[in-house]
Amino acid sequence: MYKIIFLVLLLVKFFWSLTLQLLSNKQVGKPLPKSVQGIYDESEYNKWRSYNNKKDKLHLASNAISLVFNIVLFCTNIISVVYYALPGDVMVKSMLFFLLIGLVETIISLPIDYIFNFKIEAEFGFNKVTPKIFIVDTIKNYIIGNVLNIAIFGLVLLAYNLLGDYFGIIAFLGLAVLMILISAFSSVFSKIFNKFTSLPEGELRTNLSKMFEDAGYKLKDIYVMDASKRTTKANAYCGGIGKMKQIVLYDNLVNNYTEGEITAVFAHELAHFKNKDTTKMTFFNMLNFLPMMVVMTVMMIVPEIAQSYGFSDANIFFAFYVSFGSMLSIVTQLIMIPFNYMSRAFERRADSLAFEKGYGDELITALRKLHKDSLSDMNPHPTVVKLTYNHPPLHERIELIESKKVNK
Ligand SMILES: [Zn+2]
């Protein structure tokens, strides 16, 4: 009975992504909206189509593999068999299980990651990942992923031992705090992966500092981050804890965009920063944890769920593994629909504010370049946008700025 519920969840998840992909396929070959014509020439556009097609197929393959993997896990008693075979108490057993399953997952996803980076991304000239970086990143991700998993499980176990039935609510609050810390210290995390250098003195530095200080912030420094060793994508953000704030520009942005365009992108990011959009989205993202906590609590109250998987009683490890696994991501995706709607509104407001600062035209050329460089979808299916996009598609953003120009 419970196995059927899990199976249904897994299938809904798979068919949700399949549906999104079929909708996207329907868009192929449709004429582009006027505002985004001429960004790709015909050969580039075809390149984009074949890039997306290959990416979609890979994505589907990876979904199918994870569907099979999860069906094996959740339609058999393999989890409890492995769990009971491992030595130690709950914490040690769980730690070993995470390390083991993490290793299996890393190995299974290795061919897909490899094909993505070295076949598809490389074929289209995006890949900046050398085999050495690929291996080091895979190992770093494995270690960081497991350290996080084990640390979070440790907290959950502690909360459960201390608080019994109410641990779900407490764990939710604990996670909220953790997420705030992670977002506050994200600059520290990115220093593990990247190098930061100060932006040299010059017109760009003067303009950005002025705009930043006009907005009422104290500037610690403007950094250029070496994002280009991993990606060709360009971005900028503001951050920092306390009074002194820092600006981070991707080196791709600094090297390939005009000073006007960089300032326009920055004006957009500054608007997010000023309106606390990022903080709000972090807050909404915390609601993602709510279904987890509900499921976890239910699984502890109803021992029959764990028993149907071969556990002798309700089991905190199993409850955690289900709640934090990828299966619930379908619930999360459904929850995110209204928040994506809000995020798209934040993006429109940030674009409007960059326009009002006088950077409308530069923002348009920058956005066209940004989308061109990442070969992103110029004409996504409207339903796909409504369901999954946290940014409006390019043609809507350009049309918004153009309409403001007409009204001025
Ligand atoms: Zn934005």
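The values are calculated or read from the model by the stated rules, or taken from the named source; none is laboratory data. Please read these numbers as outputs of a predicted model, since none were measured by experiment. Glycine gets a Cβ as well: all are built from the backbone with ideal geometry, and neighbour counts include every protein chain shown.
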### Query
Taking segment 363-376, which residues are crowded, with 18+ Cβ neighbours inside 10 Å and either more than 30 Å from residue 332 (Cα to Cα) or more than 16 Å from the ligand (Cβ to nearest atom) (or both)?
363, 364, 366, 368, 369, 375
### Message
Tell me yes or no: at least one residue of segment 382-399 is in a helix (DSSP H, G or I), closer than 30 Å to residue 45 by Cα, among the aromatic types (Phe, Trp, Tyr) and within 15 Å of the ligand (Cβ to nearest atom).
### Response
no
#### Entry: residue 6 being within 30 Å of residue 76 (Cβ to Cβ), surrounded by 15 or more Cβ atoms within 10 Å (Cβ to Cβ) and at pLDDT 90 or above
yes
#### Entry: Wholly enclosed helices (runs of 4 or more DSSP H) of segment 1-101 bearing at least 1 residues under 30 Å from residue 403 (Cα atoms)
2-27, 42-75
### Message
Which of the numbered conditions does residue 386 fail, given that it passes all the others? Conditions: (1) exposed (fewer than 15 other Cβ atoms within 10 Å of the Cβ); (2) touching a Ser or Thr at 6+ places or on another chain (Cβ under 8 Å).
### Response
(2)
### Query
Given (1) within 18 Å of the chain's Cα centre (by Cα); (2) away from the ligand (no atom under 12 Å from the Cβ); (3) over 21 Å from residue 42 (Cβ atoms), where does residue 343 come up short, assuming only one miss?
(2)
#### Entry: Candidate set from segment 296-328 (those that are of a type in the set (Val, Ile, Thr) and crowded, with 19+ Cβ neighbours inside 10 Å); member that is farthest from the chain's Cα centre (by Cα)
305
### Task
Answer yes or no as to whether residue 86 is in contact with a helix residue (DSSP H, G or I) (Cβ under 9 Å, 6 or more places away or on another chain) and within 22 Å of residue 147 (Cα to Cα).
yes
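Looking at 276, 245, 280 in this structure, which one is within 15 Å of the ligand (Cβ to nearest atom), surrounded by 15 or more Cβ atoms within 10 Å (Cβ to Cβ) and of a type in the set (Lys, Arg)?
280
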### Query
Quick one: would you say residue 107 is under 24 Å from residue 12 (Cβ atoms), exposed (fewer than 15 other Cβ atoms within 10 Å of the Cβ), out of contact with any Pro (no Cβ under 8 Å at 6 or more places or on another chain) and without any contact (Cβ under 8 Å) to a residue 24 or more places away in the chain?
no
